[in-house]
1. Considering only residues that are under 19 Å from the mean Cα position of the chain (by Cα) and either assigned to a loop (DSSP other than H, G, I, E, B) or surrounded by fewer than 22 Cβ atoms within 10 Å (Cβ to Cβ) (or both), which ones fall in the stretch 212-227?
2. Please determine, by comparing only the residues of the stretch 337-385 that are outside any loop (DSSP other than H, G, I, E, B) and under 18 Å from the mean Cα position of the chain (by Cα), which one is farthest from residue 214 (Cα to Cα).
3. Is there a residue in the stretch 136-150 that is under 21 Å from the mean Cα position of the chain (by Cα), more than 19 Å from residue 227 (Cβ to Cβ) and in a helix (DSSP H, G or I)?
4. Just for the stretch 319-337: of the residues that are surrounded by fewer than 17 Cβ atoms within 10 Å (Cβ to Cβ) and in contact (Cβ under 8 Å) with a residue 60 or more places away in the chain, which one is nearest to residue 135 (Cα to Cα)?
5. Any residue in the stretch 259-271 that is in contact (Cβ under 8 Å) with a residue 24 or more places away in the chain, crowded, with 22+ Cβ neighbours inside 10 Å, touching a helix residue (DSSP H, G or I) at 6+ places or on another chain (Cβ under 6 Å) and farther than 22 Å from residue 202 by Cβ?
6. Going through the stretch 135-158 one residue at a time, which ones are in contact with a strand residue (DSSP E or B) (Cβ under 8 Å, 6 or more places away or on another chain) and either modelled with pLDDT under 95 or under 20 Å from residue 124 (Cα atoms) (or both)?
7. Please find, among 278, 303, the residue that is farther than 30 Å from residue 71 by Cα and either within 17 Å of the chain's Cα centre (by Cα) or in contact (Cβ under 8 Å) with a residue 60 or more places away in the chain (or both).
């Protein structure tokens with residue numbers, strides 16, 4: 001029986017809206033035994049997943065790296081939480097708000113493979129990592145190591161601590177096409193001195209989608225007595241890993257990206273023995289030095305976003321981490337492998353499937369990234385993110401699980417015509 005016949009016999013075609021959680025659960029159950037590599041290419045299945053999203057027909061959205069918006073069933077849950085908080089008002093805020101947030105953090109910790117005592121909910125990666133950068137007890141002459149491809153918000157925070165405390169920032173450049181993990185590890189190793197206090201590294205470089213060998217970098221840095229902070233903004237909910245297996249000291253991510261939590265939600269992981277090293281961004285009433293809640297004071301905030309973490313995790317688990325990762329990697333290579341050998345094309349993302357997932361960056365010789373982005377949008381209705389700096393000159397292309405090969409065909413055709 002071919003895959004299309006299998007899906008028809010399983011009753012998947014024509015299920016309709018995915019607003020009802022049971023619809024997705026039944027669809028997933030019907031394909032539970034189908035290998036992920038096969039299912040990744042079965043468009044009948046993924047069209048049903050797509051039907052669970054409200055999509056703007058005015059353009060092809062290939063910029064999911066900024067914000068992966070919510071599937072309908074998560075969106076409906078979010079709206080329900082907004083109404084309920086509005087209904088309960090101050091009563092909710094003064095009573096069960098904190099226990100609910102703690103419960104959501106525990107679910108995220110379970111997904112991350114760490115303990116609930118090591119992880120808090122923040123508002124985004126910037127808040128998470130800037131809290132660490134700004135909260136370390138820096139001394140004049142201390143050094144920090146980072147890459148020019150790191151996210152500007154964190155680089156700016158390092159500039160601030162340099163100006164404020166006399167910290168010296170050592171900045172490396174990560175090659176777009178490394179020959180091996182060891183090449184990257186050695187770049188970071190050479191930047192470390194006896195004065196280095198913190199090393200920052202991206203789990204996935206946001207402008208190219210390159211996945212870095214974080215565990216090897218952490219092991220190397222620890223052998224030299226240096227703590228490691230990982231920017232996981234694009235990794236959590238994107239591809240499979242656990243935070244403890246990385247052996248890092250600090251890890252931050254944005255949940256409104258690949259986990260599809262509403263805007264304004266992130267996580268911060270701090271290894272237990274490092275909690276006492278960090279001054280909070282905002283002073284807290286929690287005074288125990290090893291209690292991570294000491295770092296979690298952010299004042300009054302949209303608590304309905306926190307509550308929607310549960311439904312976002314439920315959706316992610318129902319779809320399946322391996323199914324999602326495999327589909328995302330398939331979509332990226334569906335288009336990038338077809339244009340990589342074109343003489344006028346520059347691919348800023350490694351070809352090795354293990355070094356990337358959904359995100360890739362493409363440039364066209366002789367065309368500036370901003371102009372390329374304009375051409376793609378104005379002529380072909382493709383929305384993407386132009387990148388022009390840090391050794392990367394091209395447009396970041398980021399599909400999601402609802403993206404179809406037909407939409408990517410439009411991209412391939414558009415790039416080919418520019419040759």
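The values are calculated or read from the model by the stated rules, or taken from the named source; none is laboratory data. Note that this is a predicted model, so its numbers are computed, not measured. All Cβ positions, glycine included, derive from the backbone under ideal geometry; neighbour counts span all protein chains shown.
1. Residues satisfying the conditions are 212, 213, 215.
2. For the stretch 337-385, the residue satisfying everything is 385.
3. No, the stretch 136-150 has no match at all.
4. Here the answer is 321.
5. Yes.
6. Within the stretch 135-158, 135, 136, 146, 149, 150, 151, 154, 155, 158 meet the criteria.
7. 278
Residue by residue, here is whether (1) in contact with a strand residue (DSSP E or B) (Cβ under 8 Å, 6 or more places away or on another chain); (2) at pLDDT 95 or above; (3) crowded, with 22+ Cβ neighbours inside 10 Å; (4) under 21 Å from residue 151 (Cα atoms) holds:
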| residue | (1), (2), (3), (4) |
| --- | --- |
| 367 | no, yes, no, no |
| 372 | yes, yes, yes, no |
| 376 | yes, yes, yes, no |
| 414 | yes, yes, no, no |
